[in-house]
Every structure is written in structure tokens, then in C-alpha cells.
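Here the structure is laid out as C-alpha cells; the discussion comes afterwards.
What follows draws every value from the coordinates through simple rules; no lab data is involved. Computed from a prediction, not measured in an experiment: that's the story for all the values here. In this analysis, Cβ positions are derived from the backbone assuming ideal geometry, glycine residues included, and neighbour counts consider all displayed protein chains.
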């Protein structure tokens, strides 16, 4: 006779895959269980042990290892283990050990096999390991957004219209009228080695207005004088969302798509907006049209709703981060234009820098302003100092009014320390790289992600090249940076009270930025510098890192999935805050997570933790070379 | 000598042999014939059975058993497949206070059997095993009393009391009076509070079978923390 096991059954029913089974089946499983108590630090299974039961953690925590002793996974209440061994010849492949005093429920193999045979949901769950589950979670999310699965070629509505670079502006305008197009691709008359013309430039309606009519340019001058040379283009195998990112990033209205250098068509903003109803692209052009600070402040209230909309449209974190960064950058650009209107022409040339998450295209709604100024080498503090101080103050105050609060660490162009000439910046970065003391390392994690937003933006690129070249050749610096990036660890024992943030008002919560996305970005930066990547965005850096083949197989994509998942949980919880009219923050309370989020988040943290351990090994700490 | 010390010092295997010869009731005889393990049996080889009763009150002479839960186990595994649970019909009507406590109501037990009907099955399930309870003044005396009332023969057997094991640690140091004097409460050795100290999960209480499982898990935990696999059973039974 079997007895009812209400207590045990109600526990099982809370966790997948049992939560999808009929109640009487769960009750029956509960009656077949065996229970065992393990003290912390005891071995549950060693490699090669026979296994004939599925194990479920009732309380406590278990660590799963690889054969070489590397930590593979850390599990807690409600998690299963042993399924891999059951499915692969009843032998333990991954040994396990208790991290805390633990109570384990053992479900006999006979019951396990029967459940696998009878219930698809059960076998799907146990046959997929956690890592693939994370990648499925990410791709399932991506598949729900059309921009993510459509290729750019699907967006091209008609073939592009071409003209030879020998043509005149008048001929170009006539051709555009005949074909009723708003852009024209200008092709070289000289043929390349394959006997084909190449793309020389693009001419748009806007160019005719701004560069021809407004300046009174002779209509019979060559079209090359009015066109944009070497325009930004996209390959035909790119996805629609990449087109959107590119157009946002460079504020483009027309984007040629090439097949091996041969133009296929031109994407217009309107082609993208069809997919993304109320686009962040609108937001950007709106910002650039505001005439006063007050109007900008008014408009800044829409940033949050733009963010919420993108999340509801299932955009991925790269899209959202880029869109928010472009919006932030646009505010800066417009504020700088307004500042120059007010203060007059700058006495020397300069470049206004965005630092940190904005530079990485990873900005969200909770953000402060990190910025700096590069000044021309002819800058003279006595003569020009006052101008740039006023300029920085105007922009910084404006940004603060628009919701980009002052940087508490004082990393703003208003701080005289962060207004330097090109030469001084190079010296400063060289010093940080050569003498990585704690302060230098702290600065590195902010200043090494830099992006020019206004003025001589080329200087930012040059400075970036300087940094990458120098850092790459300094193993001592990379070792220090690696070690420094390990100071923030992911909360592995996620649901256990001891890992919660104990400070301030957010007790019993986890800061997903501090414990998740920031350490991931830090870690990716180290690898990116080591492989000489000049990308700023963490996903793009990862692409370069994967190409350089310095990570163990599969780790790069695991890390991408992990970063994407943690970012999306962070983003979704900010949206929940905004919709509930709370102040959005980076904290999440584990009880507010869905089971799906909880499970995958834990896996993502595990990936991050493993990657941190690899980093330590890849960039050993070395003494400074004399 | 206190009663528990008498029990602990008792030669249980010999007692079982004698009882097997003198008992007239066949169920009791069979129970004793299964014998009792030797006092020097190591804990790792001891077969246990956790036993829990819900009763109408605390007095074994007047109150009665309303449900019995039991689960066989050893140091490594608690085997739910072999767990048993019975509702019983007491001879005297239920009083409201006990209904509140264990949640068993009149309608639940209207069709339930008398203990006499299931006692054979209960004895069969615990035969050859060392009985484990939390607070020894319930199960053994109630079973003894129930048998005496029905067949005029009593029953006794060694038990491991998880509450007493816990009291050995927490109650030895200071007397209750001293605790009161220094204004501190003694550590609670109730089942649920004790389980928390061993990081065991919270189970709903006062269901005889769940409490039996909870007690079995607790003894596994106590042994893992306080004893070794080689400790003889005589060190913990009474």
C-alpha cells in the first residue's frame, strides 16, 4: 500500500519539469522517492560511480565538477542533477559535492524512464543541459522580433539607381527625378581588377539641398563634389537589426547594401520603421531639431517610453543599448551645438568624448554622464581655459536636466583633470598602462571605453588606436587589469540570503549591473585589448575575441548568451519599474523573477564565473618588468 | 537510576528472546521473534524505522492514538516507498483541542478501523528495526497502553529519541532555572526548530507520516554531525 506524500509532492510540483505533470503523477513520483542527508563538503557522486536515480535538491547546495576538477555548475533548492549520467550509460560523468548541508531526494530510474517516455515536456527538460537551455532562451527571444530574423536583403524594396562619377550634379538630379528615388549611388568609372565599377559615393536629396542649393554650387560641376565619399555600407548577409544599429549609430537615412562590393540596393529609414513602429530613429531626429534647452528637457521625458516600447517589441539588448546610447549621444551633440551658439566659435578644435556604457553602446535608462574633452595641442589654458570650462558646464548641466545625472565620481568634462590636450591624453593613458596602480585601473574601466560624439571625433579613434596598441604589448598591465576585473563576482548561490546586497535600501536584492553586466564588460575588455580589438561594444568585442580564437571552444558564444540574458533581465525589470511608476534601478529581488529567468540567470552567472577563472589563468599577474 | 538509564542499560536482545517465549499473543510473539540487533551494531548497519503518532492527548492511560505514520530508513536512505500511514478510530470521542492540533476530524475517522485491526501490520513494519521517535513519551507508552487495554499484554522495545539526542547537547550545560536566572531562553528542541539548526527544510507539522519522515531525516543529520558510522547503536538508544 502506498501512502499519500502531500508534503513531498507539493514541493516537486513547484519546480520544472514536475510543474507540468498531472497532479496524480507527481503524487506517485513522491511516493517512490528516497531521501538522504549530506553534510557540507561531502561527496555525493564521484566520477565513474554507477547512477540509477535522478537527484533533486530539497535544501542546501551542490557543486558539479568536471573530471579535471573545474567547477561546472552550482545548484540549489529545486534543481536536478544526475540526469546526464542516467541518459549516458548509468555512469557519473560529472562528480558532485555538497557545498552546504543538503537534503537530496532520489527518484528511481524506473520512474525517470517512464516519465521520459510518457511526457514530452519532461524528456525535453532533462535531455537538455543547462548551458543549451540558456542559449535556447536567448534565441527564442531573438526569434520573436522580426528585425532579428530578417536579412537586410528582405528589406530592399527596389534595385539601387547608379550613375558614373564623371556625371555632373545636374545629370544626377535629373536621373533622381526620372527614377523618383531619394538617393543615387555614384560608381567609379575606372574598373577594378574584376572589371567592375566600385562604389565611390552616395548622393541624396539632402545633399542636393545642403551642399548644392544652399551653397550655390555650380550644377555642372562633377557629382563627386556633392556626394558623400566612401559611405557606410552593409553586407547583404547582415540582419535587419544590424542595419538599424548602423543607421542609428551614424545617423544615416540611406544605407547601401553590397554583395561582394556590388550594390544591391539602398535601405532608407522608412524601410526600417516599417518594422519598428515608433522608432528610436524618430527620437534622434526630434532631439536634433529642438531649439532650446527647455525643449530638450521636455523631450527627454519620452526617452523612457521609447525604451519601454523597444522592450515590448522584443528588441535584444544590443539594439536597446545602442538606441539608448545614440539618443544620449544626440542630446550631447545638440547641447554642444547650443553651447557653441551661446559661447561663440571654439578658440581651438576639440573633441567631446562619451565614456563607459554610452561609448560601448550599452546604455540603459538608469545612467549618469561620463564624459571628457580632448583639446587641440595648441590649447593654452590661460587663453582658452575659460571657454571650455563654460562649454563643459553648459553641457553637463543640460545633460543633468535631461535625466543624465551628474557623475558622482566626477568623471565629467567640467572637471579640469578631464580636459586634456591630445598629447596630454596620450601621456595619461601611457602612464596608466605602464603604472597600473589601483586608481589607474579604476580609471581604465571607464576611460578605455571611449567614443567621440562631437567635434574632431577622429581624435577619439586615434586615441583608441594608441591605447589598444600600447595595452596589447603590456602583459603586466593586462595581468593587473584582469585581476582588477575579478573584484566583482557574480552571485552564484543566487537564492541564498548570504549573497544579497547588504548595503543601503536594497536589502535582499541583487544588483544586476554590479554583479552581472559590469563584471562581464570588464572581462571582455581585457580580452579585447589583448587581441587588439578596436571595437567598443561588448558583443562586437566578443566577435573579435572569438575570431582571434583565444577562448576555449564555445566559451565565447556562451559568454555572449550570458551577457544577453543578464542584460535582458536587467532591462525587463527596469521596464517593470517604469510601468509601476517606480524609479527604475539595477536591483532585482529574486522573488520577483520568473522560474525561467531564475534558472537561466543562474546559468548565466555560472558562465561568467567560469570565464573569470579562465581570465585569471590566461593573464597571470606578473611583476612589473624593470 | 532514572528510567531512561534503566532502558539504556537494558539487554534488549535478551529481553526480546524472553518475550518471544512468554508472549501469548501471536502478533507480539512474531514481533519479538524478529529479535533485536546487538547493542554494538554500528549506526551504518542499523535498520531504523521512524514512528509518529497523532493522539487525542498526552496521557497514554486515557488518551488514544488517532493516526500512525512510519517510514523505514537507514543512515543513507529514507525509503518513502515503504512508508505507511493509518487513520484510527479511537474508542472515546475526539475533543476539539486535539482536532485543532492534528487536523483529523470526526468524519475522517468514522470509517477508520480500531487499532486492534491494524496492530499486526504496524508490528510487522517495525519488527527487526530500531524505532526512532521525537520525544519518547508518546509512541512507546501509547502502544504499550493500547495493547494492554486490548489484549492485556504490554509491549516494549528500544527507541532512539531525536529530541533527547538534541537535549544532550543543548540542555546539559545549564538547568532551566539557571536559564531563567540569566534571562535567556533555552534552545528549543522541538522537531521543527531542531531541523532548522541542521538546515533541514520546513515541513508542515502534525501529520503522522510527514513527522515520521521529518524525524528520520533529523536522525540522519544528527548522526552525520555528531556521531560516526561506527558509533554503536547502544550509544543513542534507550
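For this structure, a couple of remarks:
- Label-to-label distance, residue A:88 versus residue B:121, with points set 7 angstrom from Cα along the beta-carbon direction: 4.5 nm.
- Spread over its residues, the convex hull of the C-alpha atoms of the protein assembly as shown is 245 Å³ per residue.
- Per-residue Cβ neighbour rank within 10 angstrom, fewest leading, A:329, A:541: A:541, A:329
- Calculated [θ] (222 nm, deg cm²/dmol) that DSSP helices of n ≥ 4 give over chain A, each run adding -39,500 (n - 2.57): -14000 deg cm²/dmol
- Estimated from the Cβ-Cβ distance and a Förster radius of 25 angstrom, the FRET efficiency linking residue A:210 and residue A:348 is about 0.45.
- The value of relative contact order for chain A, using C-alpha pairs under 8 Å at least six residues apart, is 10 percent.
- Relative to the 2.2 N^0.38 Å rule of thumb, the range A:6-127 has a C-alpha radius of gyration ratio of 1.00.
- Chain lengthening between residue A:19 and residue A:572 when straightened (0.36 nm per residue, less Cα-Cα): 196.6 nm
- Where labels lie 7 Å past Cα in the beta-carbon direction, separation of residue B:206 and residue A:219 in nm: 9.7 nm
- Shape category assigned to the range A:348-446 from the gyration tensor of Cα positions, a/c cut at 1.5: oblate
- Spread of Cα-to-Cα distances over 5 Å intervals beginning at zero, given as percent, for the range A:151-273: 2, 12, 22, 23, 20, 13, 7, 1, 0
- Between residue B:81 and residue B:26, the FRET efficiency from the beta-carbon distance, with R0 = 30 Å, is close to 0.60.
- Binning all Cα-Cα separations of the range B:3-235 at 5 Å, short to long from zero, yields these whole-percent fractions: 1, 6, 13, 18, 19, 17, 13, 8, 4, 1, 0.
- Taking the C-alpha atoms only, the angle from helix A:130-143 to the longest principal axis of chain A is near 40 degrees.
- Rounded to two decimals, the Cα-based Rg/Rh of the range A:62-117, with Kirkwood Rh, is 0.98.
- Residue-span extension gain [residue A:397 to residue A:188] - 0.36 nm each, minus C-alpha spacing: 70.5 nm
- Taking the C-alpha atoms only, the angle from helix A:169-179 to the longest principal axis of chain A is near 50 degrees.
- The value obtained for the range A:280-618, namely the Cα convex hull volume divided by the number of residues, is 133 Å³ per residue.
- Relative to the longest principal axis of the Cα atoms of chain A, the long axis of helix A:595-618 makes an angle of roughly 70 degrees.
- With the convex hull drawn around the C-alpha atoms of the range A:327-397, the volume per residue stands at 87 Å³.
- Distances between every pair of Cα atoms in the range A:402-465, grouped in 5 Å steps from 0 to the bin holding the largest one, split as 3, 14, 24, 30, 18, 8, 2, 0 percent.
- Label-to-label distance, nm, for residues given as residue A:514 and residue A:295 (7 Å Cα→Cβ offset): 4.1 nm
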